[in-house]
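The values are calculated or read from the model by the stated rules, or taken from the named source; none is laboratory data. Quantities reported herein were computed from a predicted structural model and do not represent experimental measurements. Ideal geometry is used to build each Cβ from the backbone, glycine not excepted, and the neighbour counts take in all protein chains shown. Areas reflect the complete protein model, heavy atoms only, side chains present, ligands, DNA and RNA absent. Shrake-Rupley method; radii C 1.70, N 1.55, O 1.52, S 1.80 Å.
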Amino acid sequence: MRTRYIMSKQTSRPLVAIVGRPNVGKSTLFNKLAGENISIVEDRPGVTRDRIYADCTWLNYTFTLIDTGGIEPDSRDVILSQMREQAQIAIDMADVILFMTDVKQGLVDADGKVADMLRRAGKPVILVVNKVDQYSDLAMAEVYEFYSLGLGDPFPVSAANKTGFGDLLDEVVKHFPDSQDDEEEDDRVRVAIVGKPNVGKSSIINRLIGENRVIVSDVAGTTRDAVDTLVAHNGKEYIFIDTAGLRRKNKIHEELERYMIIRTVAAVERADITVVVIDAKEGVSEQDAKIAGIAHDRGKAVIIAVNKWDLIEKDNDTVKEFTRKIRQTLSFLPYAEILFISARTGQRLERLYDLIDMVSANQNMRIQTGVLNEIIAEAVMMQQPPTDKGKMLKIYYATQTGVKPPTFVLFVNSRELFHFSYQRYMENQLRETFGFRGTPIKLIIRERRGEDATV
């Protein structure tokens with residue numbers, strides 16, 4: 001087996017992190033840009049405990065926005081010091097940083113210290129001056145004070161009133177890579193290994209590549225940074241993305257989750273297939289569901305690897321019962337493949353390559369339009385479409401428009417009649433016919449009105 005490390009090319013959505021001191025309005029800005037109230041907003045420092053993320057679109061660009069806890073450069077408070085460390089991780093991973101300040105508080109010493117931290121990061125930094133409710137000469141004079149931070153032109157906004165966003169976002173997207181400059185497409189399968197701390201993610205990669213190149217320790221979260229590892233197996237190359245970077249100095253649950261979420265989002269975004277590692281000794285948990293949900297929401301293929309299976313006492317029903325609990329807790333992932341493994345002994349790890357190959361083929365599968373419409377027509381004959389007030393759903397035509405995940409557009413007479421339950425029925429029919437094991441399926445419903453719109 002031939003192995004080596006590479007630095008993989010960033011092909012995912014750009015990451016934009018909002019950082020700054022507590023209580024300058026980061027969560028308010030995040031909520032307004034995301035279009036919904038996702039972060040907790042309260043008028044006291046340290047309220048945003050979980051780093052939250054959301055996909056945003058401006059002009060023709062889509063990016064992932066990260067909300068962070070406030071940075072207190074000199075605080076010895078445990079929570080605030082952890083937030084400072086969390087924000088540093090966001091800074092390290094971000095493509096663009098929004099440094100948020102507060103015109104009403106004015107320029108304070110802590111702003112200068114945060115600015116020094118950001119300059120060392122070597123990333124594009126956009127200085128945002130919040131709570132500028134009106135653009136009077138007096139207000140702008142207060143904004144100009146922030147020039148002294150040495151971060152370029154400040155962008156005045158009012159997050160609460162949603163003013164100044166256009167100029168700010170125009171500046172943000174200027175720093176995104178031009179897709180036309182992308183190198184030729186890399187067809188190697190990218191696999192993100194994700195999971196809670198200490199479930200054996202690094203051990204799995206070490207066993208797969210045959211040498212201890214990723215640090216492994218019994219202390220949860222020893223790996224500081226995600227590492228991409230190029231592995232050649234049976235003449236085929238795979239890129240494994242290790243997301244073990246969950247370091248902790250105490251057992252504050254909320255702080256661990258903040259590490260976990262942002263690293264998982266960044267890794268899953270770059271991956272084709274996500275391997276969600278579950279600790280067999282602990283069983284499947286709601287935290288596992290959160291991690292798996294990130295992959296599902298982003299349309300990634302999923303393999304569930306139950307690690308440490310060698311440590312479980314078994315009988316004839318052990319696998320069946322564990323599988324039932326996984327399906328129950330991760331009910332939104334009925335398509336996910338499940339594999340019981342042991343990184344310590346190597347049990348069934350070779351099968352992981354086979355599953356990755358199979359799932360990769362499924363998420364890249366293309367169905368001929370004629371065959372697709374035959375299956376849709378047969379499904380309609382087997383189960384009558386929904387009706388409402390004498391009007392029946394009619395599916396005129398279907399075509400596949402993309403892969404990773406397989407994406408299908410269905411032209412219908414009424415989107416409202418195409419209920420969720422019937423969409424699920426159609427998805428199940430496609431799966432029964434073509435498999436699509438391990439990958440989600442995306443159905444896009446488009447309304448087309450014509451002479452046959454009412455049946």
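What does the charge count around E269 come to, taking other residues whose C-beta lies under 9 Å from its C-beta (Lys +1, Arg +1, Asp -1, Glu -1)? Before the final figure, lay out the partial values.
Values: positive: R13, R270, R298, K300; negative: none.
Taking every Cβ under 9 Å from that of E269, the sum is +4.
Net charge within 9 Å of I304 by Cβ-Cβ distance, Lys/Arg positive one each and Asp/Glu negative one each, not counting I304 itself?
Numbers: positive: none; negative: D288, E337.
Cβ neighbours under 9 Å give a net charge of -2.
Can you list the chymotrypsin sites (Phe, Trp or Tyr not before Pro) in segment 302-336 that are in a DSSP coil and have 15 or fewer other beta carbons within 10 angstrom?
Values: sites: W309, F322, F332, Y335; in loops: F332, Y335.
Qualifying residues, ordered by number: F332.
What is the percent carbon and sulfur in the accessible area of segment 369-455, measuring with a 1.4 Å probe over the protein chains and ignoring ligands?
Numbers: 2290 of 4800 Å².
Accessible surface attributable to carbon and sulfur in segment 369-455 totals 48 percent.
I'd like the Karplus ³J(HN,Hα) series for segment 422-439: coefficients 6.51, -1.76, 1.60, θ = phi - 60°, whole numbers in Hz, and an x wherever there's a Gly or Pro.
Per residue, the Karplus-derived 3J(HN,Hα) values read 6, 4, 5, 4, 5, 4, 5, 5, 5, 5, 5, 7, 10, x, 6, 5, x, 10 Hz.
Over 18 Å apart: what share of the alpha carbon pairs of segment 98-158 falls there, rounded to a whole percent?
That tail contains 27 percent of the Cα-Cα pairs.
Which of V265, T318, Q368 sits farthest toward the positive end of the charge dipole of segment 248-378, with +1 on the Cβ of Lys and Arg and -1 on the Cβ of Asp and Glu?
So the residue furthest toward the plus end is V265.
Would you list T369, T264 from the most to the least accessible area, probe 1.4 Å?
Details: T369 50, T264 5 Å².
So the residues, ranked largest to smallest area, are T369, T264.
Near G150, within a Cβ-to-Cβ distance under 10 Å, what is the net charge of the other residues, with Lys and Arg +1 and Asp and Glu -1?
That works out to 0.
Can you give me the distance in nm between label points at Y425 and K281, each placed 7 Å from the Cα along the Cα-to-Cβ direction?
Once both label points are built, they end up 4.8 nm from each other.
Simple spin-label model, 7 Å along Cα-to-Cβ: D109 to K325 in nm?
5.3
So if we plug the beta-carbon distance of R120 and R344 into 1/(1 + (r/R0)^6) with R0 = 41 Å, what FRET efficiency do we get, rounded to 0.05?
That gives a FRET efficiency of 0.55.
How long is the gain from Q368 to Y135 if the chain were fully straight, where each residue apart is worth 0.36 nm and the alpha carbon distance is subtracted?
Numbers: separation 233, 0.36 × 233 = 83.88 nm, distance 5.75 nm.
Once the chain is fully extended between Q368 and Y135, it gains 78.1 nm.
Take the Cβ-Cβ distance between E237 and M381 as r, set R0 to 35 Å, and report the resulting FRET efficiency rounded to the nearest 0.05.
Details: r = 45 Å, r/R0 = 1.28.
Calculated value: 0.20.
Measure up K281/K442; K32/K104; K201/K325; K201/K236; K131/K174; K391/K442 against 29 Å on the Cα-Cα distance and list the ones that go over. Please list the in-between numbers first.
Details: K281/K442 34 Å; K32/K104 20 Å; K201/K325 21 Å; K201/K236 22 Å; K131/K174 24 Å; K391/K442 26 Å.
Over 29 Å apart, Cα to Cα: K281/K442.
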